Amino acid sequence: MTESPRRHDLATELVLSYYAAFNRGDWDGMLATLGDEVIHDLNQGARETGRDAFAAFLQRMSRHYREQLRDIVVMASPDGTRAAAEYVVHGEYAVTDPGLPDARGQKYVLPGGAFFEIREGKIQRVTNYYNLDHWVAQVGG
């Protein structure tokens, strides 16, 4: 039995909405795409759970970085329960993030990606990846 193409399309649209909100700096719009108990796997870091934890992450990120994602490509499973995205981050390191090199307004361009679990029309897990060493090399750490 084949899966509904609409489920695939809905998953793709949901992830694209998530990234469109990110690019607008619309944190409430991003949070609206997430389930209440969303799991967030930070790049090379910890796992956080819940929309409130995700909101706190967005606040930390917006304090330290100015980023836009370009060249976004989203792929979704036929049943719409999983998706992946690849993109290029164009950013500025604005304020020093603890444990990382000093910020001096350095610009960077960095490929990245994410994996998603989707249930009940919401993102239930986001796992992010980018090459931290590549980023550190660009900001002069």
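The values are calculated or read from the model by the stated rules, or taken from the named source; none is laboratory data. Quick caveat: nothing in here was measured; it's all calculated off a predicted structure. So basically every Cβ, Gly included, is an ideal-geometry build from the backbone, and we count neighbours across all protein chains shown.
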- Sort out which residues of the range 39-95 are of a type in the set (Gly, Ala, Ser) and either more than 19 Å from residue 117 (Cα to Cα) or not in a loop (DSSP other than H, G, I, E, B) (or both), and write them in order of number. 53, 55, 56, 62, 76, 83, 84, 85, 91, 94
- What are the residues in the range 114-133 that are touching a residue at least 24 places away in the same chain (Cβ under 8 Å) and either in a loop (DSSP other than H, G, I, E, B) or touching a Pro at 6+ places or on another chain (Cβ under 9 Å) (or both), if any? 120, 121, 130
- Message: Which pairs turn up if I take residues in the range 96-113 that are part of a strand (DSSP E or B) and look for partners that are at pLDDT 95 or above and aliphatic (A, V, I, L, M) with beta carbon separation below 6 Å, at least 6 apart in sequence or on another chain?
- Response: 110/89; 111/88; 112/89
- Message: Please count how many residues of the range 89-117 are within 20 Å of residue 57 (Cα to Cα), under 17 Å from the mean Cα position of the chain (by Cα) and β-branched (Val, Ile, Thr).
- Response: 1
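Residues checked against (1) out of contact with any helix residue (DSSP H, G or I) (no Cβ under 7 Å at 6 or more places or on another chain); (2) within 16 Å of residue 127 (Cβ to Cβ); (3) modelled with pLDDT under 95:
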{"residue": "24", "(1), (2), (3)": "yes, no, no"}
{"residue": "29", "(1), (2), (3)": "no, no, no"}
{"residue": "55", "(1), (2), (3)": "no, no, no"}
{"residue": "68", "(1), (2), (3)": "no, no, no"}
{"residue": "76", "(1), (2), (3)": "no, yes, no"}
- Among the residues of the range 26-52, count how many are out of contact with any Ser or Thr (no Cβ under 7 Å at 6 or more places or on another chain) and loosely packed, with under 15 Cβ neighbours inside 10 Å. 13
- Which one is surrounded by the fewest Cβ atoms within 10 Å (Cβ to Cβ), of the residues in the range 104-134 that are of a type in the set (A, V, I, L, M) and either closer than 17 Å to residue 41 by Cβ or in contact with a helix residue (DSSP H, G or I) (Cβ under 7 Å, 6 or more places away or on another chain) (or both)? 132
- Filter result for residue 36 (part of a loop (DSSP other than H, G, I, E, B), in contact (Cβ under 8 Å) with a residue 12 or more places away in the chain and more than 24 Å from residue 135 (Cα to Cα)): no
